[in-house]
Amino acid sequence: MISRRKLIQSLPALGISSGTFLELFDQSTLLDKEGTIDWESVRALFPITRWDKIQLNSGSAGVMPEPVSNHLIELIKYLNSKAPYMVWSEWQKIKEENLVRLARMNVCDPSELQVVRNTTEALNMIIYGLPLQKGDEVIISKNDYPFAVNAWKNRAERDSLIVREVMISLPGSDQDVVNAYKELISKRTRAIHITHMTHREGHIMPVRALTKLAKQSGAFSIIDGAHIVGQIPVDLHQVNCDFYASSLHKWLNAPLGTGMLYVRHDQIPTLFNHPSSNLNAKSSMDKFEHLGTRAWSNEIGLSAALDFHEMIGTNEKLARLQELKMYWTDAIRKFDKIRIHTNTDSSHSAAVATFSIAGRTGGNIVAAFDEKYNIHAKSVSGPWGSGVRISVNIYTNTSELDRLIAAIKELASQ
């Protein structure tokens with residue numbers, strides 16, 4: 001069994017040559033006597049657990065476990081020790097291997113994927129690459145991420161598109177969600193933007209039913225899956241969307257500035273090329289790779305994040321996240337002044353849940369969390385009002401959640 005210290009010291013030599021540390025890491029160090037994941041051992045690999053605050057805002061951005069971040073640091077050193085483009089050439093095999101692994105993880109073909117910097121960049125490539133014309137209608141939702149909404153409205157202003165917004169009250173039934181989209185579809189509908197998991201409530205949308213609706217309507221289906229990859233299993237071929245965007249620095253615990261763009265194979269020629277790409281690359285995802293000089297070490301560092309994720313397993317990770325979410329939501333739901341705005345059923349949420357306290361704004365609660373209780377969370381607002389989003393992670397433990405529960409109860413009693 002290799003020690004954690006020896007693992008970290010050994011990463012540089014292995015990481016640069018193959019981009020992985022899996023063969024150096026004895027997975028049994030993460031298992032208990034029964035052979036199941038020992039979450040305290042997992043927790044020990046995350047430096048953020050030694051921060052003076054409890055981190056309960058993984059929804060904004062995740063953090064890397066120490067072996068992954070050390071691996072990334074060595075990649076950065078190596079990239080800057082030679083001519084950068086020479087190193088990038090050396091790393092092409094690792095890049096291709098990462099695409100294969102991402103494809104296996106998300107059940108699609110590697111030729112349908114490209115690594116970009118984040119969900120926003122991937123969505124912009126889609127939104128500005130679709131062949132839409134004056135008078136075409138696009139359906140979005142009030143529950144979509146603001147930057148995605150901005151992109152659609154900017155595209156609409158430039159090209160005289162019509163943007164129609166779905167009003168959905170969450171948490172609601174899957175059928176209510178589908179019906180809300182269906183009511184806005186017309187003969188002019190050309191694109192339907194779908195959020196797989198809402199950023200405010202962590203609500204999992206019925207994406208398969210919505211992509212089916214889009215296909216029946218002859219409209220493109222675009223999915224914002226920023227919170228999905230690394231948090232819940234996804235089968236992109238089963239989802240059957242045209243386009244999918246996700247961030248890998250959130251729930252995959254990958255380096256900041258890594259994201260994923262998926263384009264179903266038959267739709268690759270449909271999107272306009274990225275402005276910097278070769279005009280002849282119309283049928284290849286390579287046309288989205290031409291982003292110029294950037295931090296290639298982050299993209300190659302995905303290999304270590306994938307290793308770490310695969311050691312734990314998506315299903316095991318999801319079960320742990322849902323267990324932690326239920327731990328704190330069950331403890332507060334009985335209090336009259338507290339409202340939970342997330343369907344905490346396992347089919348409709350994972351790590352994220354949102355609550356509010358009558359008479360307090362989300363900003364007021366978050367400020368009290370920070371100043372009095374040393375808890376870091378995020379204030380959010382929706383049709384239901386102002387509240388706080390709590391997003392646990394695999395390094396969160398019940399002792400931290402006990403402090404959260406006590407803080408919420410105290411604030412609700414004042």
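Derivation of every value follows stated rules applied to the coordinates shown; laboratory data play no part. Just so it is clear, the structure is predicted and the values come from calculations on it, not from any experiment. Cβ sites come from the backbone with ideal geometry, for glycine too, and all protein chains shown count toward neighbours.
Structure summary
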item: Single residue of segment 236-281 satisfying the filter (assigned to a helix (DSSP H, G or I) and polar (S, T, N, Q)) that is nearest to GLU310 (Cα to Cα); result: GLN238
item: Cβ-Cβ under 9 Å pairs, at least 6 apart or on other chains, segment 288-299 side in contact (Cβ under 8 Å) with a residue 60 or more places away in the chain and in a helix (DSSP H, G or I), far side among the acidic types (Asp, Glu) and surrounded by 15 or more Cβ atoms within 10 Å (Cβ to Cβ); result: SER297/GLU74
item: Exclusive hit being part of a strand (DSSP E or B) and either touching a residue at least 60 places away in the same chain (Cβ under 8 Å) or more than 24 Å from GLU316 (Cβ to Cβ) (or both), set ILE390, ILE394, ILE405, ILE365; result: ILE390
item: Answer residue from segment 84-120, given it is acidic (Asp, Glu) and either buried (at least 17 other Cβ atoms within 10 Å of the Cβ) or free of Cβ contacts under 8 Å to residues at least 24 places away in the same chain (or both) and is farthest from LEU271 (Cα to Cα) among those; result: GLU90
item: Tally, over segment 375-387, of residues that are closer than 30 Å to THR314 by Cα and in a loop (DSSP other than H, G, I, E, B); result: 1
item: Members of segment 314-332 found to be more than 30 Å from GLY359 (Cα to Cα) and without any contact (Cβ under 8 Å) to a residue 24 or more places away in the chain, listed by number; result: ALA319
item: Flag if ASP336 is over 30 Å from GLU66 (Cα atoms) and in a helix (DSSP H, G or I); result: no
item: Residues located in segment 201-241, provided they are over 15 Å from ILE140 (Cβ atoms), charged (D, E, K, R) and surrounded by 24 or more Cβ atoms within 10 Å (Cβ to Cβ); result: GLU201
item: Single residue of SER81, SER41, SER60, SER89 found to be of a type in the set (S, T, N, Q), out of contact with any Phe, Trp or Tyr (no Cβ under 9 Å at 6 or more places or on another chain) and closer than 19 Å to SER399 by Cβ; result: SER41
item: Subset tally (residues that are of a type in the set (A, V, I, L, M), within 19 Å of the chain's Cα centre (by Cα) and assigned to a helix (DSSP H, G or I)) for segment 107-159; result: 8
item: Count of residues meeting criterion [surrounded by 14 or more Cβ atoms within 10 Å (Cβ to Cβ), among the small types (Gly, Ala, Ser) and over 22 Å from ILE204 (Cα atoms)] in segment 134-179; result: 2
item: Filter pass, SER246 being surrounded by fewer than 22 Cβ atoms within 10 Å (Cβ to Cβ), touching a residue at least 12 places away in the same chain (Cβ under 8 Å) and not basic (Lys, Arg); result: no
item: Residue in segment 213-230 that is within 27 Å of PHE308 (Cβ to Cβ) and among the hydroxyl-bearing types (Ser, Thr, Tyr) present; result: no
item: Flag if PHE335 is touching a residue at least 60 places away in the same chain (Cβ under 8 Å) and buried (at least 20 other Cβ atoms within 10 Å of the Cβ); result: no
